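The structure appears right after this line, and notes come after that.
The values are calculated or read from the model by the stated rules, or taken from the named source; none is laboratory data. If you're wondering where the values come from, they're calculated on a predicted model, not measured in any experiment. Ideal geometry is used to build each Cβ from the backbone, glycine not excepted, and the neighbour counts take in all protein chains shown. Protein only, heavy atoms only, side chains kept; ligands, DNA and RNA dropped before computing areas. Shrake-Rupley method; radii C 1.70, N 1.55, O 1.52, S 1.80 Å.
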Amino acid sequence: MTIAYICELQKFTMIKITLPDGTIKEFEAGASAMDVAMSISEGLARNVLSAEINGEIWDATRPIHEDSTLSLLTWNDKEGKATMWHSSAHLMAEALESFYPGVKLAIGPPIENGFYYDVDFMDYDFSEKDLAKVEQKMKELAKQKLQFVRKEVSKAEALAYFTEKNDPYKLELINELEDGSITFYTQGNFTDLCRGPHIPNTGVIKAVKLLSVAGAYWRGDEKNKQLTRIYGITFPKAKELTEYLEMLEEAKKRDHRKLGKELELFTFSQKVGMGLPLWLPKGTALRERLSNFLKKAQDETGYEQVATPHIGHKDLYVTSGHYEKYGEDSFQSIKTPNEGEEFLLKPMNCPHHCEIYNASPKSYKDLPVRYAEFGTVYRYEQSGELHGLTRVRGFTQDDAHIFCMQDQVEEEFTKVIDLIKFVFKALDFQDYTAQISLRDKTNRDKYIGSDENWEKAEQAIINTTKEAGLNTVIEYGEAAFYGPKLDFMVKDAIGRSWQLGTIQVDYNLPERFELEYTGADNQKHRPVMIHRAPFGSLERFVAVLIEHCAGKFPLWLVPTQVAILPLSEKYNDYCENLSKSLKNYDIRALVDSRNEKIGKKIRDTELEKTPYMLIVGEKEANENVVSVRKQGEGDLGSFALKDFAEMLNKEVEEQIKY
């Protein structure tokens, strides 16, 4: 029976397509997601970029030959955006080949915002000044509405094609693929090795912006050749690109590296080492306030503070599984004069906490046990991946590990959710989504632990988030290697999404460390372990907070709450006494005793983002009052110092009330 005959028979075979709302539609085998969209409405079909078929993302035009579940994906879906940005990378590659014949192309994936392509320009010169012409060519090609055509090829065909094209990067990738799993995509005059999916045609791309040029080692390995990475972004409407570029300009103003320097919070030193931040006095004070804020809340909810060393024996991380996962990518081991004795810089706090739990026998009456630590950990990041405080090599986690019985898991998980919600409220993070990160649906090789334990952990997270009334999304394949987790995705003031705060249920480390407690039945049982970090890491959290509030920290957290501004030098002593008096109310105040005009002092204080200013002249000194100005609100009038202090402290109390 020939393939042509089978295809002919399939034309008359009906398949059932189940839509997200449960509706079942029948189509001839070979129909595509686009056909399904057209059967609903032509307007919907115009907006379809790709489709989820039986849990996999497909081209909207790819034929379906069996009963399937189907979700149509548009620009409003994360996967829809990723499809368009993936196709945009191919469009950029076609434009590049038109200007630079013979250029070698590596990989071009979609990323969180846009796409990039890594390119070996060989003897060609390429810099940011060349982006404009490539961008213009992309727009010209997009207008041609070039179709993306998928073709399955044998490994031999793939190797032959890219051998003729003399592309070593594609050949390396093909050699690692299984025969029968290789596909090409073609649009216009460009063909690429790609698994897809892609948008129906380039006409969907209405607005293009190539953003920057950077260096990137092939496959992320510093031993390989450094390629040129070109970043870009596209949109289906020009208005959306305009809004995005405006957001980028605002983001530059809020850049934590810029504001951190201006506010004297932190610095970096080449002599100390890349990716190792140095906290200046004001930044250290801010860190301490954040730490003490969380410690106070933890004390009220039954946590015990512990402390662990910055290094651990290699065997500790072999036992935990971290060495297997991170060993090659972490720092080199520290060897001692004793043969065979190796230590590693601590990549995680959890193995240490397991050993603290093991230090004494536990009864069911002792559980839950909650250990908390602001522990500094170290993970190697390539120099090109480092970025201010958001990507560093040494960072402090607000780590805690809860050891409890199975029937305590959901209650403990709920308490942690409440703690994270409290932290977000105190820091004015109002817009957030709880991402339930589960295992990949098909690839289970990268996870440790039994299916039974994973299923228990996943269900516990789903149950508690539902009871807490959180706005949730489920992301498959985003779980930690040792357990599922709940990641809080926070939108900042300009709409960017950040992962802050995480809770993870773990049935695996208790097995690996043979953790036990004696139950009411006098038998030994395994506790369940919950990992949680409301901040995630102090470094990253501070970076996001700086950019969220543009350096205008909440009143309870800001380094200087009050600036006292004397109208002239003769009021300096009076102002110093005011500062000392405010200190008795636990208010942080500084006197600006410079010989400057009051207008300049006010402007400088506003630039420093100090929430309150006290203006002091002859009238204030004689009447023993202060004239109060508030950042963003202006003059509030005259106050007795005691009344002002009580007003400020009441504002602080409202912000951090648990």
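So which GluC sites (Glu not before Pro) in region 283-332 are both in a DSSP loop and have at most 11 other Cβ atoms within 10 Å of their Cβ?
On the way: sites: Glu288, Glu300, Glu304, Glu324, Glu328; in loops: Glu328.
Qualifying residues, ordered by number: Glu328.
Whole number in Å², please: accessible area per residue of region 514-646, 1.4 Å probe, ligands, DNA and RNA not counted.
Details: 6130 Å² over 133 residues.
Heavy-atom SASA per residue in region 514-646 reads 46 Å².
Evaluate the distance, in nm, between pseudo-label points positioned 7 Å from the Cα of Thr183 and of Gln459 along their respective Cα→Cβ axes.
That separation, rounded to one decimal, is 3.5 nm.
Taking a label point 7 Å from the Cα of Tyr217 along the Cα→Cβ vector, which residues of region 102-122 have an amide N closer than 15 Å to it?
none
Given the peptides 264-274, 361-371, 612-622, arrange them by the average over their residues of other C-beta atoms within 10 Å, most packed first. Walk me through the numbers on the way to the answer.
Details: 264-274: 13.5, 361-371: 15.6, 612-622: 18.5.
Going by the mean number of other Cβ atoms within 10 Å, highest first, we get 612-622, 361-371, 264-274.
What's the carbon and sulfur percent of the chain's accessible surface, probe 1.4 angstrom, rounded to a whole number? Display every interim value, and only then the final one.
Details: 15470 of 32430 Å².
The computed percentage sits at 48.
Applying 1/(1 + (r/R0)^6) with R0 = 30 Å to the Cβ-Cβ distance of Met274 and Glu339, what FRET efficiency is obtained, to the nearest 0.05? Don't skip to the end; give the middle numbers.
On the way: r = 33 Å, r/R0 = 1.08.
E between Met274 and Glu339, to the nearest 0.05, is 0.40.
Work from the charge dipole of the chain (Cβ charges, +1 for Lys and Arg, -1 for Asp and Glu, about the Cα centre) and give the residue of Phe422, Met122, His90 farthest towards its positive end.
Met122
Hey, what angle do you get for helix 538-549 against the long axis of the chain, alpha-carbon based, 0 to 90 degrees rounded to 10?
Taking Cα atoms only, the helix is inclined about 90 degrees.
Arrange the peptides 476-482, 490-496 so that the one whose residues have, on average, the most other Cβ atoms within 10 Å appears first. Please list the in-between numbers first.
Working: 476-482: 18.0, 490-496: 16.3.
Descending packing order for the listed peptides: 476-482, 490-496.
At 1.4 Å probe size, with every protein chain present, just tell me what the per residue accessible area of region 57-106 comes to in Å². Write down the numbers at each step before the final one.
Details: 1730 Å² over 50 residues.
Dividing the accessible area of region 57-106 by its residue count gives 35 Å².
Which whole-angstrom value gives the distance between the alpha carbon centres of region 384-441 and region 270-305?
16 Å
For region 455-527, take every pair of Cα atoms, bin their distances at 10 Å starting from 0, and report each bin as a whole percent.
Result returned by the calculation: 16, 38, 29, 13, 4, 1.
Which of (i) 39, 38, 22; (ii) 44, 35, 33; (iii) 50, 35, 26 is the computed semi-axes √(5λ) of the Cα gyration tensor in Å for the structure on display?
(iii)
Picking from Ser581, Ile57, Ala142, whose Cα lies most toward the positive end of the charge dipole for the chain (charges on Cβ: Lys, Arg +1; Asp, Glu -1)?
Ser581
As a test of the formula, what do you get for the chain when each DSSP H run with n ≥ 4 contributes -39,500 (n - 2.57) and the sum is divided by the residue count, at 222 nm and rounded to the nearest 500 deg cm²/dmol?
The helix contribution divided over the chain gives -11000 deg cm²/dmol.
Could you put Met647, Met529 in order of accessible surface area, largest first, with the 1.4 Å probe and the full protein assembly present?
Numbers: Met647 60, Met529 0 Å².
In descending accessible area the options line up as Met647, Met529.
Calculate, for region 246-363, the solvent-accessible area per residue in square angstrom, rolling a 1.4 angstrom probe over the heavy atoms of the protein chains.
Details: 6780 Å² over 118 residues.
Averaged over the residues of region 246-363, the accessible area is 57 Å².
Return one number: the angle in degrees, 0 to 90 and rounded to the nearest 10, between the long axis of the Cα atoms of helix 78-99 and the longest principal axis of the Cα atoms of the chain.
For 78-99 against the chain, the angle is about 70 degrees.
If you split all Cα-Cα distances of region 354-399 into 10 Å bins from zero, what percentages do you get per bin, shortest first?
All Cα pairs, binned at 10 Å, distribute as 21, 34, 21, 17, 7, 0 percent.
Quick one: dipole size for region 55-172, taken about the Cα centre, charges +1 on Lys/Arg Cβ and -1 on Asp/Glu Cβ, in debye to the nearest 20. Each step should come with its number before you reach the end.
Values: 15 positive and 22 negative charges, 81 e Å.
The calculated dipole for region 55-172 is roughly 380 debye.
Structure shown: which of Lys552/Lys630; Lys145/Lys237; Lys325/Lys524; Lys151/Lys206 lie over 23 Å apart, alpha-carbon to alpha-carbon? The partial results should precede the final answer.
On the way: Lys552/Lys630 12 Å; Lys145/Lys237 15 Å; Lys325/Lys524 30 Å; Lys151/Lys206 26 Å.
Cα-Cα > 23 Å for Lys325/Lys524; Lys151/Lys206; rest within.
If we count every other residue with Cβ under 9 angstrom of Tyr612's Cβ, Lys/Arg +1 and Asp/Glu -1, where does the sum land? Please list the in-between numbers first.
On the way: positive: Arg629, Lys630; negative: none.
Local net charge: +2.
Mind ordering 79-88, 161-170, 205-214 by average Cβ neighbours within 10 Å, highest first?
Details: 79-88: 24.5, 161-170: 16.0, 205-214: 18.1.
Ranked by mean Cβ neighbours within 10 Å, highest first: 79-88, 205-214, 161-170.
Provide Glu135, Glu250 ordered by accessible surface of protein heavy atoms (probe 1.4 Å), highest first.
Working: Glu135 25, Glu250 55 Å².
Order by accessible area, largest first: Glu250, Glu135.
Where Lys and Arg each count +1 and Asp and Glu each count -1, what net charge lies around Ser581 among other residues with Cβ under 15 Å from its Cβ?
Numbers: positive: Lys580, Lys583, Arg588, Lys642; negative: Asp573, Glu576, Asp586, Glu620, Asp643, Glu646.
After counting each charged neighbour, the total is -2.
About the Cα centre of the chain, what is the dipole size in debye to 20, counting +1 per Lys and Arg Cβ and -1 per Asp and Glu Cβ, all else neutral? Can you show the working numbers first?
Values: 84 positive and 105 negative charges, 355 e Å.
The calculation lands at about 1700 debye.
What does the C-alpha gyration tensor say about the overall shape of region 248-362? Classify as rounded when a/c is under 1.5, otherwise prolate if a/b is larger than b/c, or oblate.
On the way: a/c = 2.44, a/b = 1.40, b/c = 1.74.
Oblate is the answer for region 248-362, as a/c is 1.5 or above yet b/c matches or exceeds a/b.
Expected output is a single nm value to one decimal: the length gained when fully extending between Asn54 and Lys524, i.e. 0.36 nm times separation in residues minus the C-alpha distance. What is it? Intermediate values should be presented prior to the final figure.
On the way: separation 470, 0.36 × 470 = 169.20 nm, distance 4.29 nm.
Difference between extended and current length: 164.9 nm.
Please determine, in degrees from 0 to 90 and to the nearest 10, the orientation of helix 451-468 with respect to the longest principal axis defined by the Cα atoms of the chain, where the helix direction is its Cα long axis.
The helix 451-468 is inclined about 50 degrees to the chain.
Evaluate E = 1/(1 + (r/R0)^6) for Ser39 and Tyr658, where r is the Cβ-Cβ distance and R0 equals 60 Å; express this FRET efficiency to the nearest 0.05.
Details: r = 54 Å, r/R0 = 0.90.
Efficiency, from the Cβ-Cβ distance: 0.65.
Given q = 0.14, 0.17 Å⁻¹, what are the Debye log10 I(q)/I(0) values for region 510-658, with equal point scatterers placed on the Cα positions and solvent ignored?
-0.72, -0.98
Would you kindly calculate the mean projected area, averaged across all directions, of the convex hull enclosing the Cα atoms of region 64-211, in square nanometres? Don't jump to the answer; show the numbers that get you there.
Working: hull surface 38.8 nm².
Mean shadow area of the hull around the Cα atoms is 9.7 nm².
Obtain the nm distance between the two label points defined at Leu19 and Asp299 by a simple spin-label model: each point lies 7 Å from its Cα along the Cα-to-C-beta direction.
5.8 nm
In nm, to one decimal, how far is the modelled label at Ala251 from the one at Arg46, with both set 7 Å along Cα→Cβ?
Taking the simple label geometry, Ala251 and Arg46 are separated by 3.0 nm.
Considering only DSSP beta bridges with both partners in the chain, what is the antiparallel share in %, to the nearest 5?
Values: 96 of 114 bridges.
Around 85 percent antiparallel, to the nearest 5.
Can you tell me, using C-alpha contacts under 8 Å and at least 6 residues apart, the relative contact order of region 534-658 as a whole percent? Before the final figure, lay out each step's value.
Details: 162 pairs, mean separation 29.8, N = 125.
24 percent.
Excluding residues fewer than 8 places away in the same chain, name every one of the lysines whose C-alpha is closer than 29 Å to that of Lys271.
Hits, sequence-local ones excluded: Lys223, Lys225, Lys252, Lys253, Lys258, Lys261, Lys282, Lys314, Lys335, Lys346.
Tell me whether region 429-565 comes out rounded, prolate or oblate; compute the Cα gyration tensor, take square roots of the eigenvalues as a ≥ b ≥ c, and use a/c under 1.5 as the rounded threshold. Walk me through the numbers on the way to the answer.
Working: a/c = 2.72, a/b = 1.87, b/c = 1.45.
Prolate shape, in that a/c is at least 1.5 and a/b is the bigger ratio.
For region 339-476, what value does the Rg/Rh ratio take when both radii are computed over Cα atoms and Rh is the Kirkwood radius, given to two decimals?
Rg/Rh for region 339-476 comes to 0.99.
Considering the options Thr23, Ser212, Ile564, tell which one lies farthest towards the positive end of the dipole of the chain, charges being +1 on Lys and Arg and -1 on Asp and Glu at the Cβ, about the Cα centre.
Going by the charge dipole, the pick is Ile564.
From the square roots a ≥ b ≥ c of the eigenvalues of the alpha-carbon gyration tensor of region 144-285, which class results: rounded (a/c under 1.5), prolate (a/b over b/c), or oblate? Walk me through the intermediate numbers first.
On the way: a/c = 3.73, a/b = 1.64, b/c = 2.27.
Oblate is the answer for region 144-285, as a/c is 1.5 or above yet b/c matches or exceeds a/b.
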